[in-house]
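The values are calculated or read from the model by the stated rules, or taken from the named source; none is laboratory data. Model, not experiment: these values are computed from the prediction. Counting neighbours? That spans all protein chains shown, and the Cβs are built from the backbone with ideal geometry, glycine included. These area figures cover heavy atoms from the full protein model, side chains too; ligands, DNA and RNA do not enter into them. Shrake-Rupley method; radii C 1.70, N 1.55, O 1.52, S 1.80 Å.
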Amino acid sequence: MEAVLKNVSCTVQLLAVAAHSGVVNEWDEQTVTRAFHWARYCEHIYNRFHGNPVIRGVLEKQLQLTNHSLKEALPEYNAVSFLDLGRCQDLLLLCLLNNSALPISIMKMLFETKASGDCTSSDYEDVRGLCNQIIQCKSACTVLRPLLGVRSVGADAEVQGEMLMERLGSVLSQSSDPHLAEDFLSPVLQEFEVAVEHLCPVIAAALLTTDSAAQTASQDFLLDWLQSRSGMLQHMCTALPSKVLADLAERHQKFRDAFCKLLKKWASEMDYRVTEGEWVHAATNSAVSFQKMTEHYLTLFEACPSLRTEIEDELNAQRIADGDFDVRAWGGKLQ
């Protein structure tokens, strides 16, 4: 175990060098290949021990010590978590590409065009042409998207959503303790939260993956997590297209209830500006508009027709409670 901890620590230091040191200016193809070898080693360690709480705890403690020493030496250093070990090759590639000291020769090697028969797997066994392989995969996603019937969340989000469900399902199958899954899910989603506009499609894609027993358990857990974070739910409902939200409501009762509750809250917060002849949200600089809200309602009614009467009755009761103003612009929008 001591050797494993040392190797992991050295690989994390290697990532720091790849990201922040001018030493990479001296790297050649052999050096880069060895670096990816050690990155693969860390991914192997993660895959082997992520379900073992004892060994995972030891590795996390070692990571904390290594991160602390690197942060002292490099203030701009970003800490590496245990979860990051599972995608260490991706991190290494990003570190190299963001380092201005990376030699042009290595850059050309990474973007080298290879014959289709020479393409390797995603294990980066051969780093030559690695970036070009990634570009080809993303291009294929774009070309095939209409044929695959990919929803408007996007191909990248669908792939990441499926991966999220697979990994979460693996964690849930290993233990009935919900805290273990929470420990896995929180850092994953916190990482996305720095670019929250990308997190919303990933969550939506995860919740719309094909049903299976394992995925149902994972989706239930993700829905509970989402309901406990009202801010994230509201951001999803303002950022995602109405059709995607309606699909989620049609698929999941929990999401439908939360979505309807949020829409009713938005409706109660609308004020009618007589001078301008339009409804506006009471909150300053709100991302919620009357047009977006009514679009969500109408798309929801198409997906779940049984909701229309109940929701319209509740909105009428709310209108009466607010003074029973006969503002036809409101009712007409939902007809």
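Quick look at the values:
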item	result
Tally, over region 293-316, of residues that are open to solvent by 40 Å² or more (accessible area, probe 1.4 Å), closer than 21 Å to ARG251 by Cα and assigned to a helix (DSSP H, G or I)	6
Single residue of region 276-310 satisfying the filter (among the small types (Gly, Ala, Ser) and over 21 Å from ALA239 (Cα atoms)) that is nearest to the chain's Cα centre (by Cα)	SER306
Residue check for GLY57: under 25 Å from SER218 (Cα atoms), modelled with pLDDT of 85 or more and open to solvent by less than 40 Å² (accessible area, probe 1.4 Å)	yes
Per-region count, region 26-40, residues open to solvent by less than 70 Å² (accessible area, probe 1.4 Å) and not in a helix (DSSP H, G or I)	1
Criterion: open to solvent by 40 Å² or more (accessible area, probe 1.4 Å), touching a helix residue (DSSP H, G or I) at 6+ places or on another chain (Cβ under 7 Å) and not basic (Lys, Arg) - qualifying residue of ALA239, ALA249, ALA267	ALA239
Yes/no for LEU240 being within 19 Å of LEU307 (Cα to Cα) and touching a residue at least 12 places away in the same chain (Cβ under 8 Å)	no
Test set (1) modelled with pLDDT of 85 or more; (2) outside any loop (DSSP other than H, G, I, E, B) - GLY117 fails condition number	(1)
Some residue of region 225-239 being modelled with pLDDT of 80 or more and not in a helix (DSSP H, G or I)	yes
Count - residues of region 253-282 that are farther than 15 Å from ASN316 by Cα, free of Cβ contacts under 8 Å to residues at least 12 places away in the same chain and part of a helix (DSSP H, G or I)	3
Odd one out for ALA287, checked against (1) at pLDDT below 80; (2) in a helix (DSSP H, G or I); (3) not polar (S, T, N, Q)	(2)
